[in-house]
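The values are calculated or read from the model by the stated rules, or taken from the named source; none is laboratory data. Since we're looking at a predicted model, the values are computed, not measured. Heads up, the Cβs are rebuilt from the backbone with ideal geometry, glycines too, and the neighbour counts pull from every protein chain shown. Please note that ligands, DNA and RNA were not included when accessible areas were found on the heavy atoms of the full protein model with its side chains. Shrake-Rupley method; radii C 1.70, N 1.55, O 1.52, S 1.80 Å.
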Amino acid sequence: MDYYKLKKEIEMGKVRNLYLFYGEEQYFCEKIIKVLEQYAINTSFKDFNYEYMEGDSISIQRIENACETLPFMDERRMVIVKNFPYFQGGKVSKEEEKQIEYLSDYIKRMPNSTCLIFWQIEEIDRRKKLFQVIKKIGLVLDFQKLNAYALRQWINYYFKKKGKKIKKDALDFFIENSDYLSKNSTKTLIDILNEIHKIIDYIGDKEEILVEDIKKILPKRLENDIFKLVDAIGQRDKKIALKLLNDMLKEGENGLKILSMIARQFRILIQCKELKKRGYTPNEIANKLSLMPFIIKKGILQANYFEEKKLCQAIHSILDMDFKIKTGKIDDKLALEMLIYEYTN
């Protein structure tokens, strides 16, 4: 079950009386609850048949009272319990454990006229008894971040819905610069949506979105400058490489961070070379490394500038520079310039 299947199920009139929604992609949590509000209860009587509680306002007694209250001029009530602390894990007192036991038993026999929704923003402890009970008798849905394919579809759909067109090159550029798919990225669809609205506002009545439009709206990403810097090093273009480095430093980027990002790019190139040698296709390499296919395609081309031995040497040089910077033996700017001189000569 995913957001779209559940949405369709609700729109067709199947509303369950127990849900647990959680996960990184809170955008979908919010959207599905709005769908439930629209289809589970008569909005004309929402003031009587809708109850919301969050954090410290939650108590087992309040949950039970809300669920036991009969709906007014409607077939069901909707009760939302947001950020129930028990789901987060950690130690609980014997009294609290007793109350949770009671709640776990109660939800098995609560009235069919109640639609009870637990909505968690934080990660939850799936070992908890309450989680297991809801999973067994209700519906638990973990809204994960979208993969590369689904993200493309979603962005395309949203622009189309707003009467705009975006071609592949502009879409690739937008996704790459959004930072949504990066391994440790905290960006969500809510952030992507904000950027989409900025782009739409910027282009006004114009129908097609171009790379240039996106460049003017999205903040510059360090990863792109690092790619250009490694590209310049690979082409032995010392002048461009030094200019890119100085521009990054002037913009306030940390020298050690730049160094670590160069190391990351070199590691990607080593992996691209090795996996290509083993016969993997760019898409297979992308899946294996959890990176966008267009990043891998660019990486494979960039890797051609370097011999594998040279890439490995560069990683060792970076580790040595990193140690010298951290121990105060060398200035970070000087270390980066020396690295560029070493590999552009």
| Which number in (1) surrounded by 18 or more Cβ atoms within 10 Å (Cβ to Cβ); (2) in contact (Cβ under 8 Å) with a residue 60 or more places away in the chain; (3) closer than 24 Å to S185 by Cα; (4) not β-branched (V, I, T) marks the one condition that M261 misses? | (2)
| Would you say K298 is within 30 Å of A170 (Cα to Cα) and either open to solvent by less than 60 Å² (accessible area, probe 1.4 Å) or among the basic types (K, R) (or both)? | yes
| message | Just checking, does the range 77-88 include any residue being out of contact with any Phe, Trp or Tyr (no Cβ under 9 Å at 6 or more places or on another chain), closer than 30 Å to K145 by Cβ and open to solvent by less than 10 Å² (accessible area, probe 1.4 Å)? | response | no
| said: Out of the helices (runs of 4 or more DSSP H) lying entirely within the range 127-211, which hold 2 or more residues that are within 29 Å of R16 (Cα to Cα) and out of contact with any strand residue (DSSP E or B) (no Cβ under 6 Å at 6 or more places or on another chain)? | reply: 129-137, 148-161, 189-203
| request: Kindly list the number of the only condition in (1) touching a Phe, Trp or Tyr at 6+ places or on another chain (Cβ under 8 Å); (2) touching a residue at least 40 places away in the same chain (Cβ under 8 Å); (3) more than 30 Å from S185 (Cβ to Cβ) that fails for M110. | output: (1)
| query | Does K164 count as among the basic types (K, R), farther than 22 Å from K298 by Cβ and open to solvent by less than 30 Å² (accessible area, probe 1.4 Å)? | reply | yes
| task | Within the range 283-294, work out how many residues are open to solvent by less than 50 Å² (accessible area, probe 1.4 Å) and either assigned to a helix (DSSP H, G or I) or among the basic types (K, R) (or both). | result | 5
| remark: Flagged pairs (Cβ under 6 angstrom, 6 or more apart or on separate chains; first in the range 271-284, among the aromatic types (F, W, Y); second loosely packed, with under 13 Cβ neighbours inside 10 Å and part of a helix (DSSP H, G or I)) are none
